[in-house]
Structures are given as C-alpha cells and as structure tokens.
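Accompanying notes for the structure given below.
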Amino acid sequence: MDIIEKIKKLKEKKNAVILAHYYVEPKVQEIADYIGDSFYLSKIAVGLQEQTIVFCGVSFMGESAKILNPQKTVLMPDMSADCAMAHMADVETIRKMRDTYEDLAVVCYINSTAELKQHSDVCVTSANAVKIVKALPNKNIFFIPDKNLAHYVAEQVPEKHFVFNKGFCPVHENMCLEEVLKAKEEHPEAEVLTHPECPEAICKISDYIGSTSGIIRYAGTSEKKEFIICTESGVRFQLEKENPDKKFYFTKTEPVCRDMKLVTLEKIAHVLETGENEVHVTEELRIESEKALSKMLELAK
Ligand code: 13P
Ligand code: SF4
C-alpha cells in the first residue's frame, strides 16, 4: 500500500481530518482536506465533524486549534515545527505597556504562543488585522509580536497610536530588497505581491500586500500574467495549480520556512497510526487564551 492510500485508510479508521497551511510541502498540500492561510484554518477548525485534527503547520497553529476545540484530539506530524516569531514578545513588556497607557488594546498576531495570547485582548491574522484594529474602541494599540505587520496595519489605520514590538519572521525579514528589484528588472510586466511580514521597504514597492490566501486570490483575479511573489515559496504550488496560464517568480534566494517543511507524509501516517504528538494545553491557559482567539473570530465576521 502506498503512503497516500495508507493515510486515507488511517484517516477513516481514526475519524480524522487533515488541515494544511500553504507553506507546507506540495505533497502534503495535495492530501489535505482543508488548505489555507492562518485565518481560514483557525475558522475551519471550529465545528469540524471529525474527532481528530492532524495539523500540518507549526506549533502555534495546532495550539490554536486545540484552544478552540478542547474536546478534539489535535495531532502535529512534527512536534518540533515551531514559528520563531511566536516567541518574540514577553509578558513583562505587555504589563509595562498596560501600566503606561490607560486605554491600551494588546493586539496579538496569531503567530504567537498561547501564553502571549492569554495576556492579549484580541488576536489577528494578516488577513483580518486591519479590519479588527479599526473595529477596536481603543486609541492605543500594542501590536505583538511582528513589527512588520504592525507597521503595515498602522499605515492603514492612521487614526490609532501604535506601540511597536521588536519581533519578526526570520523568513520574511531576511528577504532582500535588491533581489526583489532585480526580479522587477528582469520581469518588468510582473506585479509584486507581498506578505505584510516583509520589511517596509519591500511593501513600499509592491502592487498588492496581503495574507497568503490574499496573494493567491489576487493573482487569480488580476489581468496580469506575471507575478513576483514575496512570501514563503510553498505558495507556488497553489498559485501554479490555480493559474496554469500565469507565471510566478520568486527572489533569487527563495524564502523557505524550514519548520513548515518538517511536515512529511510519513510523519502524518505515523501520528495517525500511533496518536503520538498530541497537543495539550492546560485548562487554565486554554480558557484564558481562548478569549483573544474567539474575539478575533467574532470581530472578523
Ligand atoms: P498567513 O497564511 O495567515 O498569511 O500567514 C503567514 C505565516 O507566516 C504563517 O505562519
Ligand atoms: Fe513563523 Fe515565518 Fe515560518 Fe510563518 S514563515 S511559520 S511566521 S517563521
């Protein structure tokens, strides 16, 4: 029996469903039941019929699925797949900011640990951050952990006062402006589509800024035939699948999230078979961190 057949059989036997982020390997995207950006995956995780969720992504994603679905079993194909940015803020600074600003909302990018979510007022993803920050009654916003997404949102919501944190996604932060300019030179007809985790200098020369699914949607509806994609290279699979007549270019140094690439078909079959790598969150932490996630789902409606 090949590995895909094996996964199908195990899924049925274990009453399981597979969720995958656009950054995982194409082979994994191909066998997923649901594939999408962080917002879509957190929404879809709520109300699934299956008892077990296999989350093909990094730890904050599995953790968020568990927080929103305590009665479900959430399995991670590789427990060590983590997001470096998820740890780039601290509770002490949050407390300090709360003492400094009376009217403060702590807005937490979903790429964060449950502990950070627990101390935040609302979560956001790159797909809904602008909408949610606009909807908040607070004037002062402490946006954690990502400084780049924070600057992008601050520009869209000038009526608010932002306090910035120093976190970043190493994959997007290390993208090189010169390489994007070189790609533009080589493909003058191409539109530049960029994830807001990229540095401001790259966002500034972009035609569109949005989440992974926003980028995929934009490329599909644009009349242009060529695109320079400034985000993790895993999105290429869906872009090419949905747009066989269009061309997608990346920077010479392709942005790769090593953690997302840790997910393999073999590891999916293994956790389905053994039940290993189950996500656990203490009930106290779950209840406290669930508030910010649920508020996001409510405000993003
Ligand atoms: P989105 O898919 O929500 O745009 O997020 C990108 C990301 O870095 C996920 O880790
Ligand atoms: Fe985290 Fe960046 Fe990887 Fe996304 S691409 S999971 S933000 S390290």
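The values are calculated or read from the model by the stated rules, or taken from the named source; none is laboratory data. Here the structure is a predicted model, which means the values were calculated and not measured. Positions of Cβ are backbone-derived with ideal geometry, glycine not excepted, and every protein chain shown enters the neighbour counts. Note: accessible area is taken over every heavy atom of the protein model, side chains too, but ligands, DNA and RNA are not part of it. Shrake-Rupley method; radii C 1.70, N 1.55, O 1.52, S 1.80 Å.
What is the magnitude of the charge dipole of region 168-301 about its Cα centre, with +1 placed on the Cβ of each Lys and Arg, -1 on the Cβ of each Asp and Glu, and no other charges, expressed in debye to the nearest 20? Present the calculation step by step, with values, prior to reporting the outcome.
Working: 18 positive and 27 negative charges, 74 e Å.
Result for region 168-301 is approximately 360 debye, rounded to the nearest 20.
For the pair Glu298 and His87, the difference between a 0.36 nm per residue extended length and the Cα-Cα distance amounts to 73.4 nm.
Net charge dipole, region 254-301: roughly 280 debye, given to the nearest 20, about the Cα centre with Cβ charges of +1 for Lys and Arg and -1 for Asp and Glu.
The GluC sites (Glu not before Pro) of region 192-301 that meet both conditions, a loop assignment by DSSP and at most 14 other Cβ atoms within 10 Å of the site Cβ, are Glu223, Glu276.
Lys-Lys pairs in region 91-181 that are eight or more residues apart or on separate chains and whose Cα atoms lie under 21 Å of each other come to 20.
When only Cα pairs below 8 angstrom with a gap of at least 6 residues are kept, region 15-171 shows a relative contact order of 18 percent. Extension gain, Lys6 to Glu240: 0.36 nm times the residue separation minus the Cα-Cα distance gives 81.5 nm.
Given a 1.4 Å probe and every protein chain left where it sits, what share in percent of the accessible area of the chain is carbon and sulfur?
Values: 6710 of 13520 Å².
The computed percentage sits at 50.
Rg and Dmax over the alpha-carbon atoms of the chain stand at 19.2, 62 Å. Sites listed here are trypsin sites (Lys or Arg not before Pro) in region 156-202 whose DSSP assignment is loop and whose Cβ has at most 16 other Cβ atoms within 10 Å: Lys166. For region 34-55, the residues whose backbone nitrogen is under 19 Å from a point 7 Å from the Cα of Lys13, taken along Cα to Cβ, are 50-55.
Partner lysines whose Cα lies under 18 Å from the Cα of Lys9, excluding those fewer than 8 positions away in the same chain, are identified as Lys27, Lys267.
State, to one decimal in nm², a quarter of the convex hull surface area for the C-alpha atoms of region 213-301, i.e. the direction-averaged projected area. Provide the component values of the computation, followed by the final result.
Values: hull surface 37.0 nm².
Taking a quarter of the hull surface, the average projection is 9.2 nm².
Using the 1.4 Å probe convention, the accessible area of the chain works out to 45 Å² per residue with neighbouring protein chains retained.
I want the antiparallel fraction of DSSP beta bridges within the chain, as a percent rounded to 5.
Numbers: 1 of 34 bridges.
That works out to approximately 5 percent antiparallel.
With charges set only on the Cβ (+1 for Lys and Arg, -1 for Asp and Glu), what does the dipole of the chain come to about its Cα centre, in debye to the nearest 20?
Details: 38 positive and 48 negative charges, 102 e Å.
Rounded to the nearest 20 debye, it is 500 debye.
Estimated at 0.36 nm per residue, the fully extended path between Val256 and His151 surpasses their Cα-Cα distance by 35.5 nm.
Per residue and in cubic angstrom, what volume does the convex hull of the Cα atoms of region 52-140 have?
Values: hull volume 9.4 nm³, N = 89.
Looking at region 52-140, the number lands at 106 Å³ per residue.
Do the sum for the chain: with -39,500 (n - 2.57) for every DSSP H run of n ≥ 4, divided by all residues, what is the mean residue ellipticity at 222 nm, to the nearest 500 deg cm²/dmol?
Numbers: 15 runs with 131 residues, N = 301.
It comes out at -12000 deg cm²/dmol, rounded to the nearest 500.
Please work out the ratio of the alpha-carbon Rg of region 188-244 to 2.2 N^0.38 Å and round it to two decimals. Please report the intermediate quantities before stating the final value.
On the way: Rg = 10.5 Å, N = 57, 2.2 N^0.38 = 10.2 Å.
Its radius of gyration relative to the 2.2 N^0.38 Å reference: 1.02.
The orientation-averaged projection of the convex hull spanning the C-alpha atoms of region 120-223 amounts to 7.1 square nanometres.
Amide H contacts of Val192: Asp207, Tyr208, Ile228, each under 5 Å away and 5 or more positions distant or on a separate chain (H built 1.01 Å from N in the peptide plane; Pro and chain starts excluded).
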